[in-house]
Each structure stands twice: as structure tokens, then as C-alpha cells.
1. Among the listed residues Val54, Val65, which satisfies the condition of being open to solvent by 10 Å² or more (accessible area, probe 1.4 Å), farther than 30 Å from Ala2 by Cβ and within 17 Å of the chain's Cα centre (by Cα)?
2. Report yes if Gly35 is in contact (Cβ under 8 Å) with a residue 12 or more places away in the chain, of a type outside the set (A, V, I, L, M, F, W, C), under 22 Å from Asp130 (Cα atoms) and surrounded by 21 or more Cβ atoms within 10 Å (Cβ to Cβ), otherwise no.
3. Looking at this structure, is Gly102 surrounded by 15 or more Cβ atoms within 10 Å (Cβ to Cβ), in a strand (DSSP E or B) and small (Gly, Ala, Ser)?
4. Would you check which residues across segment 68-90 are open to solvent by 30 Å² or more (accessible area, probe 1.4 Å) and in a strand (DSSP E or B) and list them?
Amino acid sequence: MANADTPRGFSATGCQYGLEPVSVAAASGTAVFRGDVMSGVNTGTATPASAGDVVIIGIANSATVATTAAKSLLAASTAGTIMVHQDPMQQFIVQGDTDTAGTATIIFNSMNHLAGAGSTITGLSGHELDLSDAGDSTGGFVLLDYVLRDDNEEDAINVDCVVRLNVGEGILSLPAGV
């Protein structure tokens with residue numbers, strides 16, 4: 001049975017480390033969804049990261065102001081504060097992209113994410129892990145393992161992965177195939 005293609009962003013797993021408040025400027029122009037990869041901006045604010053961004057500060061988890069107007073944490077072009085997982089030890093579960101199957105040879109490699117659109121129905125991010133980028137030294141994430149679950153085929157596309165932010169002095173940045 002193939003893995004379902006249901007992107008839902010990055011979801012914290014394991015030990016839950018603290019959340020930090022981060023400002024989002026109205027100039028962002030992009031709605032923030034739960035599980036979005038967040039990128040730092042030189043104005044001291046954050047915005048949902050584009051694929052390949054190298055200033056990743058963490059993962060959006062919640063907002064400081066509750067609203068029922070939309071499923072997003074923060075609507076597009078709206079200033080506000082969101083809570084972001086920024087601890088480098090925090091692990092996340094994320095779906096791998098639809099173009100590349102998981103393999104044992106890319107575990108512990110760094111890679112980027114793909115910035116898909118969030119869902120206004122579920123409120124979840126559309127961000128995925130770009131497995132085809134394995135070994136990219138500027139990749140924002142390190143693949144630690146695949147989720148061990150009966151319905152998660154590790155050698156197929158759309159595999160659920162366990163990752164961590166790729167921070168520090170090249171921590172866990174290994175060339176492809178190691």
C-alpha cells in the first residue's frame with residue numbers, strides 16, 4: 001500500500017521544548033499555518049520560509065491571539081505574534097515530497113523543505129521535506145529516521161520522516177550516501 005500524499009507541515013514530536021514568541025509583520029503578505037517553516041527577516045520579524053531559505057528560525061506552532069475567522073494562525077498581510085519551536089533539539093515529523101522515495105542512504109543528511117500552500121480547511125501547513133536535496137550543506141533540516149509505523153513505507157514516496165533543525169557548526173551535515 002502506497003503512502004498517502006497528505007502534507008501537513010512539521011509537527012513537533014518527542015520531548016516538547018519551549019516555544020518562543022516571534023513577530024510577523026503585516027508586510028509578510030503570506031498567511032501562517034500550523035507547521036510552517038519560519039524564516040527570519042532582517043527587520044527582526046519572521047515570515048513563512050520559501051524552499052531553500054537559509055535563515056530558518058523554527059516551526060510555527062500557535063498564535064498568541066485566538067481567532068475563529070480563519071484556520072490559519074495568522075492571516076496574510078496581518079501583523080501579529082506567533083509561537084515558534086526554536087530549540088535545536090526539538091524533533092519534528094514531516095512528510096517527504098512526492099518526487100523522491102526514502103532510502104537508508106540519506107539518513108543523517110541535511111536537506112531543504114518544499115513550501116506548499118497551507119489548508120484553510122484544516123489549518124495545517126503544506127510544507128514538506130525535500131528528500132531530493134539530501135546532502136545539501138545549506139539544507140535547513142537533518143533527516144534522523146523514518147517514522148516506524150505499519151502504514152509508512154520507508155522506501156516509497158510521501159514517507160513520514162523524523163527531522164531536526166540543521167543548526168550549529170555543520171552538525172550532522174554529511175555528504176549524500178554516507
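1. On the way: Val65 fails: within 17 Å of the chain's Cα centre (by Cα).
It is Val54.
2. Details: in contact (Cβ under 8 Å) with a residue 12 or more places away in the chain: yes; of a type outside the set (A, V, I, L, M, F, W, C): yes; under 22 Å from Asp130 (Cα atoms): yes; surrounded by 21 or more Cβ atoms within 10 Å (Cβ to Cβ): yes.
Yes: the conditions hold for Gly35.
3. Numbers: surrounded by 15 or more Cβ atoms within 10 Å (Cβ to Cβ): yes; in a strand (DSSP E or B): no; small (Gly, Ala, Ser): yes.
Criteria not met by Gly102.
4. Correct list: Thr81, Met83.
Results for (1) at negative phi; (2) open to solvent by less than 30 Å² (accessible area, probe 1.4 Å); (3) under 11 Å from the mean Cα position of the chain (by Cα); (4) modelled with pLDDT of 90 or more, shown as yes or no for each residue.
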{"site": "Phe92", "(1), (2), (3), (4)": "yes, yes, yes, yes"}
{"site": "His113", "(1), (2), (3), (4)": "yes, yes, yes, yes"}
{"site": "Glu128", "(1), (2), (3), (4)": "yes, yes, yes, yes"}
{"site": "Leu148", "(1), (2), (3), (4)": "yes, no, no, yes"}
{"site": "Gly177", "(1), (2), (3), (4)": "no, no, no, no"}
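The values are calculated or read from the model by the stated rules, or taken from the named source; none is laboratory data. Please read all numbers here as calculations on a predicted model, not as lab measurements. A quick note on method: Cβ atoms are made from the backbone with ideal geometry, for glycine too, and the neighbour counts reach across all protein chains shown. Note: accessible area is taken over every heavy atom of the protein model, side chains too, but ligands, DNA and RNA are not part of it. Shrake-Rupley method; radii C 1.70, N 1.55, O 1.52, S 1.80 Å.
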